[in-house]
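The values are calculated or read from the model by the stated rules, or taken from the named source; none is laboratory data. Just so it is clear, the structure is predicted and the values come from calculations on it, not from any experiment. Here the Cβ positions follow ideal geometry from the backbone for every residue, glycine too, while neighbour counts run over all protein chains shown. SASA here: full protein model, heavy atoms, side chains in, ligands and nucleic acids out. Shrake-Rupley method; radii C 1.70, N 1.55, O 1.52, S 1.80 Å.
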Amino acid sequence: MSLRYSDKPWVKQYDKGVPATIEVPTHPVQHFLEEGARRIPTNPAMVFQGGEISYRELNEAADAVAAALAANGFKKGDRAVLYMPNLPQFVVIYYGILKAGGIVIATNPLYTERELQHQLKDCGAETVFVLSRYYPLLKKVQKSGETKVKRIIVTYIKDYLPGIKSVLYGLLKEKKAGDRVDVAAGDLTLKEFIALGRRSPKPNVTVTGDDIALLQYTGGTTGLSKGAIGLHRNLVANVLMVSKWITDWNYGQDSLLGAIPFFHSYGMVTAVIFTLAVGGRIVIVPNPRDLADVLGNINKYKPAYFPGVPAMYVGINNNPDVAAGKYDVKSIRACISGSAPLLLETKQKFEKLTGGKLVEGYGLTESHVATHANPINGLNPPGSIGLPLPGVEVKIVDPIEGEQELPIGAIGELIMRGPTIMQGYWNMPNETATSLRDGWLYTGDIARMDEKGYFYIEDRKKDLIICGGYNVYPREVEEVLARHPAVLEVTVAGVPDAKRGETVMAWVVKRPEHANVTEKEIIEWSKGELAAYKYPRIIEFREQLPKTAALKVLKRDLVSEYKQRSANGSAQSEKAAA
């Protein structure tokens, strides 16, 4: 009898103690925080720049945010936006919104005015919590009249800095960093908002696992930003899956390095919700690109777990201060790497430096978030995204119609179902119907499974570019560049980049009347229209774009040409050096 996906061969590869499935409770996400405040009230829930916030303090502050929202007319099912990087106040506000029965939208602070306006308009939120340095841009969007935003609460970095650091930041850095802003009439500071909440009654609202907790925006092959609907039980289920996968976590004792962006579903679930669900301490790093801050926090606070992306681990591997012993990274017991392929060389070097385990995983915003991971202690085949987590059903189907289940080892589209899968896309029934069919999520990723149950991604979503862990969809970049007066035709794709994994490249046909436009001019223009990780780093001008008989641009041919030129250039350089 031949092996089938329904036989779940992957379960046999699980580490000892990992169950084949999980029971998902009916409680909401905030139950984890409230349980922590009951069991370990004085334990630190978060640490930021030397200051600690206990479980009791975090829970009480979140209660105050919820009460203040209710006092301002916020109702169950209303949406509220978090517009800030990794900060303690992100976590406070996140749980406050959930406690008020609200739906969280966490937006990327790197967004341009155009991108922010689209997301705010689509979700229909009336309330936005914003870090002061982004307040002027938010006010500009609000004044456009294109959104429903009417309630803005402003927080400052110094709000949660401890003692003298808060004073010194206000005196020496706040103005220079763009964080010193005056709040307009009608808007409030977070301190004022929390003070109001402490004087107000708790909201009279009941939240269950079947209520919506999250609209997490993701890109799409159409270039439109889509809000994946996540119920409380979807997030609770994924946290329980991860907690079962990590078998040696010590409740009330261990810490996790929170360096991946909290506004991304990966960071939100694996850094914020997971850590508080297992009684841990989140060591908050606002900027994951600040390697000195990352290493300083590892050295000082000794986190046991460090979820991240390959670029972070590469940075640590190649840091001379780590090699010289300036930083102690031996506390790290395990890391789950996501968002981009993990090279074997990166894994091996990092494990040698730390003595811990670095394993690759896989997930999607639409699955909130992790669905696969390599076992912490078991076999990690090179190139594999690992095994489906407990409770996840997976199979490979034909990539054309998606109806025929393929045999083990065959390459096709990866589809999944389970307790973490989204309910659909916000206000996008057609997109939902395409991605969700009979309870199965069609990922668009081309993959295969081996006989032991390990999965391998053969090709990412057709046009997806992954730059330093961020997803970039070419259609959006193409639409922006097409608005430039010099651009007649344009196509965009990802090309290899030593630092970012991939980078954005555009091939442009100029309009005759703008023959003198330069690569630099178009790149500089695009910076004002696209987030920093999205704008093209390379532009190649061409007389025409290669196309099929159906007039479809042959992107793969363009990428192949670029790769060949790069390889030839490297070979010539090596020959000259020899």
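Annotation: amide H-H contacts under 5 Å for Gly258 (H modelled 1.01 Å from N, sequence separation of 5 or more, or interchain): Val283, Ile284, Val285. Peptides 116-128, 414-426 ordered by packing proxy, namely the average of other Cβ atoms within 10 Å per residue, highest first: 414-426, 116-128. The orientation-averaged projection of the convex hull spanning the C-alpha atoms of segment 262-372 amounts to 6.5 square nanometres. Hand me the GluC sites (Glu not before Pro) from segment 506-543 located in a DSSP loop with no more than 10 other Cβ atoms within 10 Å, in residue order please. For GluC sites (Glu not before Pro) across segment 506-543 that sit outside H, G, I, E and B with at most 10 neighbouring Cβ atoms in 10 Å, the list reads Glu543. Of the three principal axes defined by the Cα atoms of segment 150-295, the extents in descending order read 46, 42, 39 Å. Extents of segment 198-282, largest first, come to 44, 40, 24 Å (Cα atoms, principal axes, whole angstrom).
Beyond 24 Å in Cα-Cα separation lie the following of the pairs Lys139/Lys165; Lys99/Lys191; Lys150/Lys527; Lys148/Lys527; Lys8/Lys330; Lys139/Lys202: Lys139/Lys165; Lys150/Lys527; Lys148/Lys527; Lys8/Lys330; Lys139/Lys202.
For the chain, a Kirkwood hydrodynamic radius built from all Cα pairs, placed in the Stokes-Einstein relation at 37 °C and 0.692 mPa s, yields a translational diffusion coefficient of 131 µm²/s. Counting only Cα atoms, the size of segment 362-518 along its three principal axes is 59, 38, 26 Å, in decreasing order. With only the Cα atoms considered, segment 327-450 has a convex hull volume of 125 Å³ per residue.
Applying the criteria of a DSSP loop state and at most 13 other Cβ atoms within 10 Å to the trypsin sites (Lys or Arg not before Pro) of segment 1-86 yields Arg4, Lys16, Lys75. Around the amide H of Ile22, modelled in the peptide plane, lie the amide H atoms of Gly391, all under 5 Å away and 5 or more residues distant in sequence or on another chain. Other residues with beta-carbon under 10 Å from the beta-carbon of Asn377 carry, at +1 per Lys or Arg and -1 per Asp or Glu, a net charge of 0. Calculated on the Cα set of segment 505-567, radius of gyration then Dmax: 13.2, 36 Å. Relative contact order of segment 479-567, taken over Cα pairs closer than 8 Å and 6 or more residues apart, is 29 percent. In this simple spin-label approximation, Thr26 and Ala185 carry label points 7 Å from Cα along the Cα→Cβ vector, and these lie 5.0 nm apart. In segment 240-305, the ratio of gyration radius to Kirkwood radius, Rg to Rh, stands at 0.96 when only Cα atoms are counted. Its relative contact order, with pairs defined as Cα atoms under 8 Å and 6+ residues apart, puts the chain at 13 percent.
Just the number, please: carbon plus sulfur as a percent of the accessible area of the chain, 1.4 Å probe, no ligands or DNA/RNA counted. C and S atoms contribute 51 percent here.
With the convex hull of the Cα atoms taken as the outline of segment 52-185, the averaged projected area works out to 8.2 nm².
What ranking do 232-245, 90-103, 482-495, 278-291 get when scored by the average of other Cβ atoms within 10 Å per residue, highest first?
The densest-packed peptide leads the list: 90-103, 232-245, 278-291, 482-495.
The trypsin sites (Lys or Arg not before Pro) of segment 180-211 meeting both criteria, a DSSP state outside H, G, I, E and B (loop) and at most 12 other C-beta atoms within 10 angstrom of the site's C-beta, are Arg199. Restricting attention to the chain, close to 60% of DSSP beta bridges with both partner residues there are antiparallel.
Less than 5 angstrom separates the built amide H of Thr155 from those of Val130, Leu131, Ser132, Leu190, all sequence-distant by 5 or more or on a different chain.
Computed per residue of the chain from DSSP H runs no shorter than four, each worth -39500 (n - 2.57), the mean residue ellipticity at 222 nm is -9000 deg cm²/dmol.
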